[in-house]
Structures are given as C-alpha cells and as structure tokens.
Amino acid sequence: MRHGRAWVRLSAHGAAGHPLTISTIRSAVPFGKGVTIRATAVLRRRTLSRAAAVGVVGQGYVGLSLACAAADAGFSVTGVDIDQERVDSLNAGSLCVAGVRPADFDAGISSGRMSFTTDASILARSDIVAVCVPTPVKDHSPDLSYVERACREVGEHMSQGSLVILESTTYPGTTDEIVQPLLEASGLASGRDFLLAYSPERIDPGNEEYGFRDTPRVVGGVTPEATGLATLFYEQLVDKVVAVSSSRAAELAKLLENTFRHVNIALVNELAMLCNEMGIDVWEVVGAAATKPFGFMEFDPGPGVGGHCIPLDPRYLAWQVRRDAGRQFRILEQAEDINAMMPNYVASRIGDALNENGKALKGARILVLGVTYKADVGDMRESPALKVMTRLHRRGARVGFHDPYVESVFVNGSRTQRTELTLRAVAGADCVALLTAHSAYDLQWLGEHAQLIFDGRNAFGSVRTPRVVPL
Ligand SMILES: NC(=O)c1ccc[n+]([C@@H]2O[C@H](COP(=O)([O-])OP(=O)(O)OC[C@H]3O[C@@H](n4cnc5c(N)ncnc54)[C@H](O)[C@@H]3O)[C@@H](O)[C@H]2O)c1
C-alpha cells in the first residue's frame, strides 16, 4: 500500500483550474471524512480531464473490453494479467482474447494509451482500478479465489485516494463483505481513504446491435461517494449509466438479468418437450406469441444453455439463497434442472428421428453441425452441443462434427477432429443434427443433400418435410 503516493501524483498532474500541492492537500485535509471529500473532488477532476490513470486487473473478455474503451475515451490504461503469454501478445498489438471486437481493440491500441503487464505494482500509479477476473463455479458453489487473489494484490499496491471497482459477476455482498476487508487489510479504509464500487459487465459477445458504449452501465458503490465517482468514470465510456443505491443492488441486478434468461429459456424448453407430446409445433407457438407487441419477450428452445454466464452465474444466487435463507430459489433451481435435461432430451429425439426412418441410433453416423454455444461466435464454454455429442456417442452412435470456428473437440475423453462439410459427409450421414445455426451454413444445400436433418434451432423454419425434424 502506498499511503500518500496518489497525492504526490495528483498534485503533479494538477487539476483543471485549481492546482494542488502536496502541502495544501495534506494541511487542508486531515484524516476523516474530509479526506474522502477532498479526494473525491480531485479524482472527479482527474476523471473529467482524463488525467486519471486506469488499471484493469484481468485481461479476459471483460477486462480487455474495458481497457480498450477507457483508452479510446482518452485515459491512460494499464492492463494487468497473470498470463505472461497474453500480456506479450497484447503488447505486440495482437488480439488474443475471444469475443473482443477487433475494431474496439484497434481503437485502444491505436490510441497509444494502452499497455499490459504482469507486474501488479503498477497499480500504485492508478487512480482507478477495475477488477475483472473469473468467478467460476466449483462443486456447485461460487469460487471467489480469483477475486480474492486479485483484490489482495490490489490492496498491496493501491494508492490512497483511488477508486476500486469490481466488475466480476458475483453474488450480493461480495464487494462489501469480501473485497472491502481484503483491500482494507493493509490499513486504508473504504470511504475514508479509498472508494469502492461494483459495476457488472453485461455485454453480449457477438451482438452486432449493442456494444460497449451503447449498453447502459449499472453502478453501485459501497458509499454514495463511490457511486458518484464510479458513475462519473463510466459516463466517460458509455452513453448511459444507471446508479443504484448500493453495491449489493448492482450485484443482484446482474444476477437477475442472467436468471431471467435462464428461467425463460427453461420455460420454452419445457414447452418444447410438452409440445412434442401434444403434437403441436413449439416454434409456431412461440412465433405466434411473439407477435404480441407488449408483455411478451421471445425466447427460443434449444439443446440447453451454454456460454460462460447463463449456466454459471445464477448458481451464485441459488447458492447464496440456500446459504443465507436456508431454502431453495425454487424457480431458478427448476430452470437449472430443466435446461440441464435438454442435451439428453435432444439426443433421445435424434434417436427417435432415426427410428422413424427405420434406423437405430446405435451404429448410426451422425454429423453434428455447430458446436459452439451460440451462432457466429467461437466460444465453446459450457456448450450443450458437446453434451449432446457425448450422449449420442455413449449410446453407440458414430458422431462427427463440423463447426466453422472449431477444429477439434473432446468427446468422452477422446479428441474428434472436425469433419469437412463435403457433399459426401452430408449425404453419407444417417442424420445431420443442426445444434448451432451459424449463418455460414447453406441450409438449402443441406436440405437437398442430407438424408435426415434434426433441426435443434428451427433454422429451417417452416420447411417441414419428413427429412427435417424440428426440436
Ligand atoms: N465473458 C463474458 O461474456 C462476461 C460477460 C459479463 C460478465 N462476465 C464476468 O466478468 C468476469 C471476467 O470474465 P472474462 O470472460 O473476462 O474472464 P476470462 O477468463 O476470459 O479472463 C479473466 C482474465 O483474468 C486473468 N486473471 C486471473 N486472475 C488474475 C489475477 N489475480 N491478476 C490478474 N489477472 C488475473 C486471467 O489470466 C484471464 O486473462 C467474470 O466474473 C465473468 O463472469 C463475463
């Protein structure tokens, strides 16, 4: 911890209109609430003038996106990561992080204001520090070890008068119950010597409509001053900032967003299973309901939930409710159960479709198209398509796959190389199972040449020939 170091640098850079010196700051601002007021005023001016130095801990999708946006907005940014290879690559101007838009990275790099290091001591020179490290699930429980380690490092190096923001997705209370004591372990106090806030990243990788700037930011501080400063910082980067009353409200808002998706996907997935029994086309039903211009939001059934948010983040909430309230968050846990059933259900439906065509699943050649968790992105994390492949394989099918973004996958412990999408591969498969509908797929060509298509995404729409079987 560098007590007082920030003051030296703040005065050296000066703030617009009111140059400060170390002595004026120290004499005018004794320890106590006044320090926060004074520090807040200095940091406000440094933020507005872009003189504030920004440190971003964790250079994954979230941290690098923030680093690029801050550099593009005019801040000097240092990205800190424990992965030396990643740091070297980023310093060389090479975008090695999936999901970050190349245009955003190029804007950050070409600003000349972005650099990367594994040396966390650089944070001593940061006015604003954002923590963007993973928050995985381990044994069905939150694993906050990355956040804890990163915050210990921030606490060792941060300067008095700085603003620390947690961006990692987590359960309510993490910022004030876990992060705050870790930062305070070295003697500085939140609200007195530094400001602490939470702001969730909520961007949707691959979404061409909404990017970093036009996705509103939710911000909640541990103190009102922290909320105000964090709001001001993000206002320099995005079009709209929504300030809430506490870090806990901001943490829960993020989990509500992901839980909302999880529950609504489970709703249409369960409906898909029921519709199959009832002989009703679920896609027709969802499409018809979606014509209502208010009070309905369309979600589509599919082989399960994937990616690194929806299947994992709500677990943090389910875990916390069980821990603190001693009961289940029932609708959420049921959604988890329903969505977890889907890969097995889809594998069974592929078996049924083969059966209808006089073939057994055992020994059948199945070509899975699309194994990433969603269309037109290369992200395999938690992809339900892999689970479908595993189940088909266990039931004796000969499973191959094609995906424009993926060269090989592991199925039941052995590596499977991508099958090239040739006429022979498509026509020779007993069933082509479209599980992720990348836009690169030529549906007409597939429809003409495949013996049987299981359409897990309604990509073929209203084409309902005996050769196309929808989920
Ligand atoms: N990826 C998304 O779409 C997304 C969206 C919203 C929120 N989030 C959340 O944001 C957080 C980060 O996600 P991500 O996708 O960027 O993660 P990621 O796994 O892609 O990257 C995390 C980075 O942090 C680094 N790291 C780990 N510990 C570190 C430490 N102590 N010091 C410095 N660097 C460290 C890792 O080396 C890695 O480069 C998670 O909580 C995630 O749930 C992710």
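Structure notes:
- The listed residue being under 20 Å from G211 (Cβ atoms) and either within 16 Å of the ligand (Cβ to nearest atom) or aromatic (F, W, Y) (or both), out of A124, A103, A98, A73: A98
- The set of residues from region 387-405 being surrounded by 19 or more Cβ atoms within 10 Å (Cβ to Cβ) and assigned to a loop (DSSP other than H, G, I, E, B) comprises A397, D403.
- Any hit, region 425-435, residues being under 26 Å from the mean Cα position of the chain (by Cα) and at negative phi: yes
- L443 more than 23 Å from the chain's Cα centre (by Cα), touching a residue at least 60 places away in the same chain (Cβ under 8 Å) and within 29 Å of F299 (Cβ to Cβ): no
Let's see how each residue does on (1) farther than 30 Å from K374 by Cβ; (2) buried (at least 24 other Cβ atoms within 10 Å of the Cβ):
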position	(1), (2)
D127	yes, yes
M158	yes, yes
Y171	no, yes
E177	yes, no
D204	no, no
N207	no, no
G211	no, no
D214	no, no
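- S159 being touching a strand residue (DSSP E or B) at 6+ places or on another chain (Cβ under 7 Å), away from the ligand (no atom under 14 Å from the Cβ) and of a type in the set (S, T, Y): yes
- Listing of helices (runs of 4 or more DSSP H) fully contained in region 167-281 that carry 3 or more residues being within 16 Å of the ligand (Cβ to nearest atom): 247-278
- Any chance L446 is aliphatic (A, V, I, L, M) and either assigned to a helix (DSSP H, G or I) or not assigned by TED's automatic domain parsing to the domain that holds R394 (or both): yes
- Residue in region 136-145 that is within 12 Å of the ligand (Cβ to nearest atom), without any contact (Cβ under 8 Å) to a residue 12 or more places away in the chain and touching a strand residue (DSSP E or B) at 6+ places or on another chain (Cβ under 8 Å) present: yes
- Residue, farthest from the ligand (Cβ to nearest atom), within region 307-366, restricted to residues that are more than 30 Å from P136 (Cβ to Cβ) and in a loop (DSSP other than H, G, I, E, B): G358
The values are calculated or read from the model by the stated rules, or taken from the named source; none is laboratory data. Because the structure is a prediction, the values reported are computed rather than measured. Neighbour counts are summed over all protein chains in view; Cβ atoms, including those assigned to glycine, are modelled from backbone coordinates with ideal geometry.
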